[in-house]
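J.: This is the structure I want to talk about, given as structure tokens.
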Amino acid sequence: MPTVSVGRDRLISALGKSYSQEEFEDLCFKFGIELDDVTTEKAIIRKERHLDEEDGGVGDDDGEIIYKIEVPANRYDLLCLEGIAQALRVFNEEQQTPTYALASIPKDSMLKMHVKPQTSSIRPFVVCAVLRDITFDEASYNSFIDLQDKLHQNICRRRTLVAIGTHDLDTLQGPFTYEALHPKSINFVPLKQEKSFRADELMEFYKSDMKLKKFLHIIENSPVFPVIYDSKRTVLSLPPIINGAHSAITLKTKNVFIECTATDLTKANIVLNTMVTIFSAYCQRKFEVEPVEVLYSDGRSFIYPDLSVYNMEVPLSYITGSIGVSLGAEKVTSLLNRMQLRAEHSVLDDNKCNIHVSVPPTRSDILHPCDVMEDVAIAYGYNDIPKRRLPSMKPLPLNQLEDLIRAEVAMNGFTEVLTWILCSNRENFSLLNREDDRSSAVIIGNPRSSDFEAVRTSLMPGALKIIGHNKDHPKPIKIFEVGDVAFLDESKDVGATNRRHLAALYCGTNSGFELIHSLLDRIMEVLGAPFVPIGDNMGYYIQRSDAPEFLPGRQASIIYKGKHIGDFGIVHPQVLNNFVITDPCSFLEIDIEHFL
């Protein structure tokens, strides 16, 4: 959870009401945030320098009292003092939720950002906006810079997804161009420097910079670097590394140009909206933002920022039923308004009441009716929700079936194991003598380890790995697992589907094929599936198969009501060798969801 450090006196002043520490803690709790720590400027400096209390050396007084406030990870609008103060004022019904709007200017008069096609290979998106006639003081300027850092660490994922650039517009001349060029052709004076550097020289220069060196890997190995120019070929920024010194903002800056380059357009819009909505409060025309037109080389054009309101219909019965409190429509809309969600209620033809919620651009965390319900519960007060005995809940039929099967297999002398649902691609395919057709396994993007680069399509690799790691265990070893596997499935909205499988493995001085076969017969007996002749769809039967993970001629497919639900057989010697297993094994795997 992010922690935001704010000066107590400035926060209290922004709230417009005096609070003791205890009162402020109580207000934070009611709103759903937490006062995590109370410290001072001197204590923070002492901690940074690893000084003891008696070392001092910072000043005679402790300086300003600092509140460290913990906020939800998805509430990007609360990552600075201004956002927290506004949210609490609205929560206390001392301020209405602001209405954010784009400045009404002709499209021909808008600033333009032209995107070159080469940027598609490195950071393909850019969104922009202008804050006109803004007035900074030292505190608000520092908060503006700090919000960028907080966003970079949070939703921007250390600038890998989004990088923010802020510039003094009065030092620049539009239109702007977003390009991707060879590093040696980019030359400019970076922020806080006095001499000009080539982009490739900057990469070397910043390798000794404690703050910036951790971002170099994002582009340093790319043949082209992203760069933004104005019409006079002045460099605004080299995203995601550094801005140019020429357009650096100061306390005297009156017009701020904000650009966000990104690999994720959705997150770029969230970041831009967060920046402009919060700090448009310091503009002469409050909560008004000047749009910028972004034009792509293929003819597409977009106007940013998108400050449109997202509308959502939520049944009143869903909200009250989920919270467990009987609330009227008027009360629910009042509570939502306190959470910066404009709400109205309407009665449908069947006398059911719906809550119409208008989600402002600051609340990117509202994605589903459950998010609306949660905000109602927060505003109502968790401590005020009466305690009640939860109704008895029946387990899902699949889980009931799983428990029945687990108990039966355990009574047959098998020990249950649990293995990772993620595995390596080799374990999923080549180690099992299977061909990877690229159409069945769910692959993990950017895996942390080669051991966890795919979702398993079978329980077999996990079982064999356990045997391989327990070769010296007394024989026989009889293990089983009931768990999920996953397959690509274009018919699902997420592109994949889970299936619940049962697997059992026998390892001993002989293959134990007859024991695995008898376990299958017992499971089918318990499930009420009779053994029938081949072709009969009233029960199950087995037929010869040629799965590459099993020994030819010592394996069979399991057919239940005309559907192939699994296989069993003696594990192929090559597969055993791949998992460093020296004793023969037999293995059974079936999809138990077919019995529901």
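The values are calculated or read from the model by the stated rules, or taken from the named source; none is laboratory data. Just so you know, these numbers come straight off a predicted model, no measurement behind them. Cβ sites come from the backbone with ideal geometry, for glycine too, and all protein chains shown count toward neighbours. Surface accessibility is based on the protein's heavy atoms, side chains included, excluding ligands, DNA and RNA. Shrake-Rupley method; radii C 1.70, N 1.55, O 1.52, S 1.80 Å.
J.: Which of the residues spanning the range 271-327 are open to solvent by 10 Å² or more (accessible area, probe 1.4 Å) and of a type in the set (G, A, S)?
T.: Hits for the range 271-327 are A281, S297, G299, S301, S308, S317, G321, S322, G324, S326.
J.: Could you list all residues from the range 567-596 that are open to solvent by less than 50 Å² (accessible area, probe 1.4 Å) and without any contact (Cβ under 8 Å) to a residue 60 or more places away in the chain?
T.: Of everything in the range 567-596, those that are open to solvent by less than 50 Å² (accessible area, probe 1.4 Å) and without any contact (Cβ under 8 Å) to a residue 60 or more places away in the chain turn out to be D567, F568, G569, I570.
J.: Consider D200 carefully, then state whether it is without any contact (Cβ under 8 Å) to a residue 12 or more places away in the chain, within 33 Å of the chain's Cα centre (by Cα) and open to solvent by less than 70 Å² (accessible area, probe 1.4 Å).
T.: No.
J.: Among the residues of the range 365-395 satisfying the criterion of being touching a residue at least 60 places away in the same chain (Cβ under 8 Å) and closer than 17 Å to V90 by Cβ, which is surrounded by the most Cβ atoms within 10 Å (Cβ to Cβ)?
T.: At the first step, the residues of the range 365-395 found to be touching a residue at least 60 places away in the same chain (Cβ under 8 Å) are 365, 372, 378-379, 381, 385-386, 388.
Those left that are additionally closer than 17 Å to V90 by Cβ: 365, 372, 378-379, 381.
Details: D365: 17, V372: 25, I378: 17, A379: 20, G381: 12.
Ranking the qualifying residues of the range 365-395, first place goes to V372.
J.: Let me ask something else. All but one of (1) assigned to a loop (DSSP other than H, G, I, E, B); (2) open to solvent by less than 20 Å² (accessible area, probe 1.4 Å) hold for L236, so report the exception by its number.
T.: All conditions are met except number (1).
J.: Determine whether the range 57-74 contains at least one residue that is assigned to a helix (DSSP H, G or I), modelled with pLDDT of 90 or more and surrounded by 19 or more Cβ atoms within 10 Å (Cβ to Cβ).
T.: Checked against the condition, which is being assigned to a helix (DSSP H, G or I), modelled with pLDDT of 90 or more and surrounded by 19 or more Cβ atoms within 10 Å (Cβ to Cβ), the range 57-74 yields no hits at all.
J.: Sticking with this one: Looking at the range 540-551, is at least one residue touching a Ser or Thr at 6+ places or on another chain (Cβ under 8 Å), touching a residue at least 12 places away in the same chain (Cβ under 8 Å) and either open to solvent by 50 Å² or more (accessible area, probe 1.4 Å) or farther than 29 Å from D436 by Cα (or both)?
T.: Within the range 540-551, one or more residues are touching a Ser or Thr at 6+ places or on another chain (Cβ under 8 Å), touching a residue at least 12 places away in the same chain (Cβ under 8 Å) and either open to solvent by 50 Å² or more (accessible area, probe 1.4 Å) or farther than 29 Å from D436 by Cα (or both).
J.: May I pose another question? How about the range 328-364: which of its residues are in a helix (DSSP H, G or I), open to solvent by 60 Å² or more (accessible area, probe 1.4 Å) and closer than 30 Å to S280 by Cα?
T.: N337
J.: Can you find, within the range 458-496, the residue that is nearest to I421 (Cα to Cα) among those that are open to solvent by 70 Å² or more (accessible area, probe 1.4 Å) and of a type in the set (A, V, I, L, M)?
T.: If we take residues in the range 458-496 being open to solvent by 70 Å² or more (accessible area, probe 1.4 Å) and of a type in the set (A, V, I, L, M), then L488 is nearest to I421 (Cα to Cα).
J.: Return the residues of the range 318-340 that are touching a residue at least 40 places away in the same chain (Cβ under 8 Å) and among the aliphatic types (A, V, I, L, M); say none if nothing qualifies.
T.: I319, I323, V325, L327, V332, L335, L336, M339
Table: residues versus (1) free of Cβ contacts under 8 Å to residues at least 24 places away in the same chain; (2) of a type in the set (K, R); (3) within 23 Å of P2 (Cβ to Cβ).
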{"position": "Q95", "(1), (2), (3)": "yes, no, no"}
{"position": "D133", "(1), (2), (3)": "no, no, no"}
{"position": "L151", "(1), (2), (3)": "no, no, yes"}
{"position": "R158", "(1), (2), (3)": "no, yes, yes"}
{"position": "D170", "(1), (2), (3)": "no, no, no"}
{"position": "Q193", "(1), (2), (3)": "no, no, no"}
